[in-house]
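Following: one structure in structure tokens, then a few remarks.
The values are calculated or read from the model by the stated rules, or taken from the named source; none is laboratory data. Note that the structure is predicted; figures quoted are calculated from it, not measured. Please note: Cβ atoms are built from the backbone with ideal geometry, for glycine as well, and neighbour counts cover all protein chains shown. Note: accessible area is taken over every heavy atom of the protein model, side chains too, but ligands, DNA and RNA are not part of it. Shrake-Rupley method; radii C 1.70, N 1.55, O 1.52, S 1.80 Å.
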Amino acid sequence: MAATAFHQASLQSRGYFCDSRLSLENGNATFRLISKGFKLDIAVLRRGNYCSRKRSFSVIKASNSQTTVFDQVSSPSNGGMSVSRKKSNEAALILIRHGESMWNEKNLFTGCVDVPLTKKGVEEAIEAGKRISNIPVDVIYTSALIRAQMTAMLAMTEHRRKKVPIILHNESEQAKAWSQIFSEDTHKQCIPVVTAWQLNERMYGELQGLNKQETADRYGKEQVHEWRRSYDTPPPNGESLEMCAERAVAYFMEHIEPQLLCGKNVMIAAHGNSLRSIIMYLDKLTSQEVISLELSTGIPMLYIFKDERFIRRGSPVAPNEAGVYAYTKVCGVFRVM
């Protein structure tokens, strides 16, 4: 197994964190994903030191068997957390669509209107947190909208490491100065949270606040379906999925992907269309394939970034006593059992 060396994270000028160095010994390595009914075995060649922008993506088919992606996080002992290191140079990317919002409940077009979660949405966020409770998280990205931020914060209340998510405020020098942490021990027990409007839901223009059924009755089901599900047709004065993808993927490539390249485990709490855009990029989906991709609220999806590859997503359930993560696959997309 290749040796790894990790160094303390430092804040970069563009607002993301990156290990100063991630060293790997050259050699052959095998990654195995053990799941309930599925198995992934990938042999890869380690390439030594890296923290670059080079990328390649692989989509893998599953057969039978099981594995752990990370060492299990142990229970608290003597008032502290004992956490195992990652077994190799793999990094986790967790994607979570926010829980049900108050306008989801009312069947209204929401878009970029800043609406909070319902009670059900809160419960979905907490359940999502339980499913990722053993996966280390080094940095969190959310949209600028409260429903995504609530989802991330509530999910982290269930995490075994008990680190505290801290929203970074870089909008002014005063904001940065006033939000400083002056205890190194406290700083080590925090997870930085970066908010970005580029990860917002797509802007639904003149449909925002309208009832979906009443809008279909007014404009016709086919027209509304085209506004909601086509790739390049925007609603009146709004964004198409293509336009949403331009901003979301550009942000992912510039700010989030470098974190993964440096070995950081990243969680993104965002929205149906911004996450579909990122998944389109990761899985190399066509414009026709992405429009049929549906993401459930509050269901986490997991990618493993290993040796410059993103390995096909899964949806983790809290591991069993042996520390094994469980996955299931429905219609080509991994979902929770």
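Summary table
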{"read-out": "Options Asp232, Asp217: the member that is touching a Ser or Thr at 6+ places or on another chain (Cβ under 6 Å) and in the same structural domain as Ile166 (by TED's automatic domain parsing)", "value": "Asp232"}
{"read-out": "Looking only at the stretch 243-296, and only at residues there that are open to solvent by 30 Å² or more (accessible area, probe 1.4 Å) and part of a loop (DSSP other than H, G, I, E, B), the one that is nearest to Arg228 (Cα to Cα)", "value": "Ile291"}
{"read-out": "Matching residues, the stretch 112-154, being touching a His at 6+ places or on another chain (Cβ under 6 Å) and either farther than 19 Å from Leu199 by Cβ or charged (D, E, K, R) (or both)", "value": "Ser133, Arg147"}
{"read-out": "In the stretch 127-152, the residues that are without any contact (Cβ under 8 Å) to a residue 40 or more places away in the chain and open to solvent by 10 Å² or more (accessible area, probe 1.4 Å)", "value": "Ile146"}
{"read-out": "One residue from Gln213, Gln198 being within 29 Å of Ile135 (Cα to Cα), open to solvent by 20 Å² or more (accessible area, probe 1.4 Å) and in contact (Cβ under 8 Å) with a residue 40 or more places away in the chain", "value": "Gln198"}
{"read-out": "Conditions (1) under 21 Å from Ser101 (Cβ atoms); (2) under 15 Å from the mean Cα position of the chain (by Cα); (3) of a type in the set (Phe, Trp, Tyr); number of the one not met by Tyr251", "value": "(1)"}
{"read-out": "The stretch 96-126, residues that are assigned to a helix (DSSP H, G or I) and either surrounded by 18 or more Cβ atoms within 10 Å (Cβ to Cβ) or of a type in the set (Phe, Trp, Tyr) (or both)", "value": "Trp103, Asn104, Gly121, Glu124, Ala125"}
